[in-house]
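Working notes for the structure below.
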Amino acid sequence: MSGERVRLMDRYGRVVRDLRVSVTPRCNFRCHYCDPLGAGAHEPPGTLGVAQVGTVLRAATALGMTSVRFTGGEPLLRKELPAMIRIAKGLGLPDVAATTNASALERRLPELREAGLDRLNISLDALDPGVFREITQGGDVARVWRGIEAAVDAGMTPVKINTVVMRGLNDGEIEGLARLTEARPFHVRFIEYMHLNNARASDYRQSFLAGKDIRARVEAAYGPLEPVDTDPSAPARLFRVPGWAGAIGFINPVSEPFCGACSRMRVTSDGMLRPCLLTDRELELHSALAADDPVEAVIERFLVAAHRKVASGVTSPTERPRTMVAIGG
């Protein structure tokens, strides 16, 4: 491929700008919606190394991608994460982010910032310590909160807080989490529970709470929300309580699919390129990474993946060969 930067576009005219790179399926939490059975306890064979991730990022930037988010599992469990961030910034990627449960963030944030990390999404599914322990199957919310405070102190604003809402488990936390935006410029985003944990269909439907109902609870507590300007390709629709410092977002992939504006692809930690979170099509990258010209070979994989990107993913309950922890958030 010639040296000029091109745009990666799928068959439906959607430009792929954002890459999610899972660096490990390991996690120290076992959240019900992601890894209820503890499948993310071990590193699988074929986990991509730093140099291989760097090759993938070089291919992505050659195709005009401008954003990379490192995910997991829990990405902070990979000691090499700062090296991967440093490669991304060295390639000129303007937006380098990570999604984390923040349990190790207080300790690791200085080296991540030094490497060039721009932004953070932090998973926080409850404020009540007991509810938090239940939904994460053992997590300590105090450690997570110390990580959030460290991010704020480091000037990483706005800190985006992600909450997956499950009826009967943490839906009683909605109002308290929304209120975090009253005095501080957090972006608290409520996410519909997706069937990515292979729960029984009946259990999933019983636990699902639609975004409109989550919003109704926020407005019942704090009054009508006013819209905030939002990037149309972003998954969250943002609002605020008038006069409050932060924003409240709703990510509704099930009740209001936003596939038509999707700009993302994913690379799993074991080296599979996934065009769509909610469809099981994958292309292996290891043979491309072993090629004589690995960047060019990975570029070709991206082009094939773009052609295979579907118009919309499958949000209804179905048996999936990979659950969320193995795909990457």
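Quick notes
- Filtering 144, 159 for residues that are among the aliphatic types (A, V, I, L, M), crowded, with 20+ Cβ neighbours inside 10 Å and either touching a residue at least 60 places away in the same chain (Cβ under 8 Å) or touching a Phe, Trp or Tyr at 6+ places or on another chain (Cβ under 7 Å) (or both) leaves a single hit, 159.
- Complete set of residues in region 133-184 that are farther than 30 Å from residue 206 by Cβ and either of a type in the set (Asp, Glu) or part of a loop (DSSP other than H, G, I, E, B) (or both): 149, 153, 154, 155, 156, 157, 158, 159, 182, 183, 184
- Selection within region 103-117 - outside any helix (DSSP H, G or I) and either touching an Asp or Glu at 6+ places or on another chain (Cβ under 6 Å) or among the small types (Gly, Ala, Ser) (or both): 103, 104, 116
- Close pairs (6 angstrom Cβ cut-off, 6 or more residues apart or separate chains): closer than 24 Å to residue 254 by Cβ in region 175-191, in a loop (DSSP other than H, G, I, E, B) and hydroxyl-bearing (Ser, Thr, Tyr) anywhere: 188/181
- Filtering region 215-236 to residues that are closer than 30 Å to residue 285 by Cβ and not in a loop (DSSP other than H, G, I, E, B) leaves nothing.
- Residue match in region 60-78 (condition: farther than 24 Å from residue 122 by Cβ, of a type in the set (S, T, N, Q) and at pLDDT 95 or above): yes
- Checklist (1) farther than 21 Å from residue 161 by Cα; (2) small (Gly, Ala, Ser); (3) assigned to a loop (DSSP other than H, G, I, E, B) applied to residue 73, failing item: (1)
- Flag for residue 117 being crowded, with 19+ Cβ neighbours inside 10 Å, in contact (Cβ under 8 Å) with a residue 60 or more places away in the chain, more than 22 Å from residue 253 (Cβ to Cβ) and not polar (S, T, N, Q): no
- Test: residue in region 274-297 that is crowded, with 20+ Cβ neighbours inside 10 Å, within 18 Å of the chain's Cα centre (by Cα), at pLDDT 95 or above and at positive phi: no
- Out of 302, 239, 250, one residue alone is aromatic (Phe, Trp, Tyr), in a helix (DSSP H, G or I) and either surrounded by 14 or more Cβ atoms within 10 Å (Cβ to Cβ) or touching a His at 6+ places or on another chain (Cβ under 9 Å) (or both). It is 302.
- Top-ranked residue of region 18-41 - restricted to ones that are touching a helix residue (DSSP H, G or I) at 6+ places or on another chain (Cβ under 9 Å) and in a helix (DSSP H, G or I), ranked as modelled with the lowest pLDDT: 40
- Selection from region 178-187 of residues that are of a type in the set (A, V, I, L, M, F, W, C) and buried (at least 23 other Cβ atoms within 10 Å of the Cβ): 178, 186
- For the condition over 24 Å from residue 73 (Cα atoms) and loosely packed, with under 15 Cβ neighbours inside 10 Å, residue 260 qualifies.
- First in region 309-329 and on the phi > 0 side of the Ramachandran plot and buried (at least 18 other Cβ atoms within 10 Å of the Cβ), second anywhere and of a type in the set (Ser, Thr, Tyr) and modelled with pLDDT of 90 or more, Cβ under 7 Å, 6 or more apart: 328/22; 328/71; 328/268; 328/269
- Looking only at residues in region 41-67 that are more than 15 Å from residue 22 (Cα to Cα) and more than 20 Å from the chain's Cα centre (by Cα), the one that is surrounded by the most Cβ atoms within 10 Å (Cβ to Cβ) is 59.
- Residue 11 being in contact (Cβ under 8 Å) with a residue 40 or more places away in the chain, closer than 20 Å to residue 326 by Cα and not hydroxyl-bearing (Ser, Thr, Tyr): no
- Test result for residue 245, of a type outside the set (Ser, Thr, Tyr), over 30 Å from residue 13 (Cβ atoms), in a loop (DSSP other than H, G, I, E, B) and modelled with pLDDT of 95 or more: yes
The values are calculated or read from the model by the stated rules, or taken from the named source; none is laboratory data. These numbers come from a predicted model, not from an experiment. When we count neighbours, we look across all protein chains shown, and the Cβ atoms used for this are built from the backbone with ideal geometry, even at glycine.
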